[in-house]
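Just below is one structure, and these are the notes that go with it.
The values are calculated or read from the model by the stated rules, or taken from the named source; none is laboratory data. Being a predicted model, the structure only gives us computed values, none of them experimental. Virtual Cβ from ideal backbone geometry, glycine too; neighbours counted across all protein chains shown.
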C-alpha cells in the first residue's frame, strides 16, 4: 500500500516549486507526425532544451533533467530511466521529444551525476546501484513526488527505461510509489506470476529478436507470466534487430527505422491511454 502526503502538504510544497516550474522554458510544441520518428533517436535532435533539476533531497549530487510542454496543462508526467552509462544527452533529447508530445518529462539520474564512458565504467555504476535497490526506489519515488506536486502535472505518472533502465522500471513498478504506466525497452525481466500480480497497471514492452539480454525466450516467459497474473500488456518482439535498437536508430537506420517507428507509435498510444496526452 502506498502512503501519500496529505493534499494540504502537497499543495504547500507545490507553491515552493512554482517559481522553478514557471522559469522552465517550454519545449516548442512539435509532436511527431504519424509516419515520423522523433529526431532524438535519429541522432538529429538539437541540444537539450530543458534544465537540470535537483529532485532527490537525500542526495545533493543527483541531477535530473526536466523538459516541459507548452501550455498550462494539466499534463501527464513521464520519468525516463537511463541506460547503463547514465544520464546522457540522448536521454535528455528523448525527454524533449516527450515534452513536445505533451508530457512533463523528468529524466532521472541514478548515478549521482556520474556517467560512464567505457564498458568497465558502466558495469561498475550498474553494480554499485543495483547493490542498493532501496536507494533506486527512493530516488524514483522522489522523482514521482517532484512531478506530482507541479501545478502543470495531472498526477498520472509513467516510467520509461532502456536496458538497465528498463529492468529498473519494472522493479520500481513492483516495489515503488504507485504510478500508472511502465514502458520497458529491452530490460531485465521476471517470469514469476506471483510477483507480477503486484503490478497495478498495463505494461508496455519493446524487444529485439536478435537480443540475448533479454532473449526472445525470456520475453515469452515474461508475457506468459503477465497473462497468468492477469496483467494487461502490450509487448512486441521485433525481427532483425537487437539490443539498443530503439534509442540508437542512427547506428543502423536501414534496419532499425521501421521497427522503431512501430514501437514509437505503440508508445504514444500507450501513454495516451494510461497517463493522457494534451
Within region 54-75, residues being surrounded by 22 or more Cβ atoms within 10 Å (Cβ to Cβ) and either closer than 25 Å to residue 245 by Cβ or out of contact with any helix residue (DSSP H, G or I) (no Cβ under 7 Å at 6 or more places or on another chain) (or both) number 4
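Across region 79-95, what is the number of residues that are surrounded by fewer than 24 Cβ atoms within 10 Å (Cβ to Cβ) and in a helix (DSSP H, G or I)? Give the derivation first.
Taking region 79-95 and keeping what is surrounded by fewer than 24 Cβ atoms within 10 Å (Cβ to Cβ), we get 84-86, 88-90.
Then drop every residue that is not in a helix (DSSP H, G or I), which leaves 89-90.
Residues meeting the conditions: 2.
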Which members of region 219-262 meet the condition of being in contact (Cβ under 8 Å) with a residue 60 or more places away in the chain and within 16 Å of residue 161 (Cβ to Cβ)? 243, 244, 246, 247, 248
Filter region 105-122 for residues that are assigned to a helix (DSSP H, G or I) and surrounded by fewer than 14 Cβ atoms within 10 Å (Cβ to Cβ) and give the result. 119, 120
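Of all residues in region 189-200 being in a loop (DSSP other than H, G, I, E, B) and either surrounded by 16 or more Cβ atoms within 10 Å (Cβ to Cβ) or at positive phi (or both), which is farthest from the chain's Cα centre (by Cα)?
Start the filter on region 189-200 by keeping residues that are in a loop (DSSP other than H, G, I, E, B), which leaves 189-192, 197-200.
Retained after the next criterion (residues that are either surrounded by 16 or more Cβ atoms within 10 Å (Cβ to Cβ) or at positive phi (or both)): 189-191, 199.
On the way: 189: 16, 190: 18, 191: 21, 199: 16 Å.
The residue in question is 191.
Look at region 153-188 and say how many of its residues are at positive phi and in contact with a helix residue (DSSP H, G or I) (Cβ under 7 Å, 6 or more places away or on another chain).
Of region 153-188, the ones at positive phi are 155, 163, 186.
If we keep only those that are in contact with a helix residue (DSSP H, G or I) (Cβ under 7 Å, 6 or more places away or on another chain) as well, we get 155, 186.
So the answer is 2.
Being in contact (Cβ under 8 Å) with a residue 40 or more places away in the chain, within 20 Å of residue 146 (Cβ to Cβ) and in contact with a helix residue (DSSP H, G or I) (Cβ under 7 Å, 6 or more places away or on another chain) narrows it down to one residue among 78, 45; which is it? Quick ask: steps written out before the conclusion?
Values: 45 fails: within 20 Å of residue 146 (Cβ to Cβ).
Within the list 78, 45, the selection yields 78.
What do you reckon, is residue 170 buried (at least 21 other Cβ atoms within 10 Å of the Cβ), at pLDDT 95 or above, in contact with a strand residue (DSSP E or B) (Cβ under 7 Å, 6 or more places away or on another chain) and more than 26 Å from residue 218 (Cα to Cα)? Quick ask: steps written out before the conclusion?
Numbers: buried (at least 21 other Cβ atoms within 10 Å of the Cβ): yes; at pLDDT 95 or above: yes; in contact with a strand residue (DSSP E or B) (Cβ under 7 Å, 6 or more places away or on another chain): yes; more than 26 Å from residue 218 (Cα to Cα): no.
No; evaluated as a whole, the condition is false for this residue.
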Please state which of the following conditions residue 247 fails to meet, knowing it meets all the rest: (1) farther than 23 Å from residue 36 by Cβ; (2) in contact with a strand residue (DSSP E or B) (Cβ under 7 Å, 6 or more places away or on another chain). (1)
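Before we move on, is residue 226 under 18 Å from the mean Cα position of the chain (by Cα) and more than 25 Å from residue 89 (Cβ to Cβ)? Outline the logic, then answer.
Values: under 18 Å from the mean Cα position of the chain (by Cα): no; more than 25 Å from residue 89 (Cβ to Cβ): yes.
When the stated conditions are applied, residue 226 does not pass them.
Report yes if residue 265 is surrounded by fewer than 16 Cβ atoms within 10 Å (Cβ to Cβ) and not in a loop (DSSP other than H, G, I, E, B), otherwise no. I'd like the intermediate steps shown before the answer.
Numbers: surrounded by fewer than 16 Cβ atoms within 10 Å (Cβ to Cβ): yes; not in a loop (DSSP other than H, G, I, E, B): yes.
So residue 265 fits the description; yes.
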Determine whether residue 144 is in a helix (DSSP H, G or I), in contact with a strand residue (DSSP E or B) (Cβ under 7 Å, 6 or more places away or on another chain) and more than 19 Å from residue 246 (Cβ to Cβ). yes
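Just name the residue that is modelled with the lowest pLDDT out of those in region 29-64 that are part of a loop (DSSP other than H, G, I, E, B) and touching a strand residue (DSSP E or B) at 6+ places or on another chain (Cβ under 9 Å). Lay out the reasoning, then the answer.
Taking region 29-64 as the starting set, the residues that turn out to be part of a loop (DSSP other than H, G, I, E, B) are 29-38, 43-50, 54-63.
Checking which are touching a strand residue (DSSP E or B) at 6+ places or on another chain (Cβ under 9 Å) leaves us with 29, 48-50, 54-56, 63.
Working: 29: 60, 48: 96, 49: 94, 50: 96, 54: 97, 55: 98, 56: 98, 63: 97.
Looking at the filtered set, the residue picked out is 29.
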Just one of (1) over 20 Å from residue 97 (Cα atoms); (2) part of a loop (DSSP other than H, G, I, E, B) trips up residue 244, so point out which. (1)
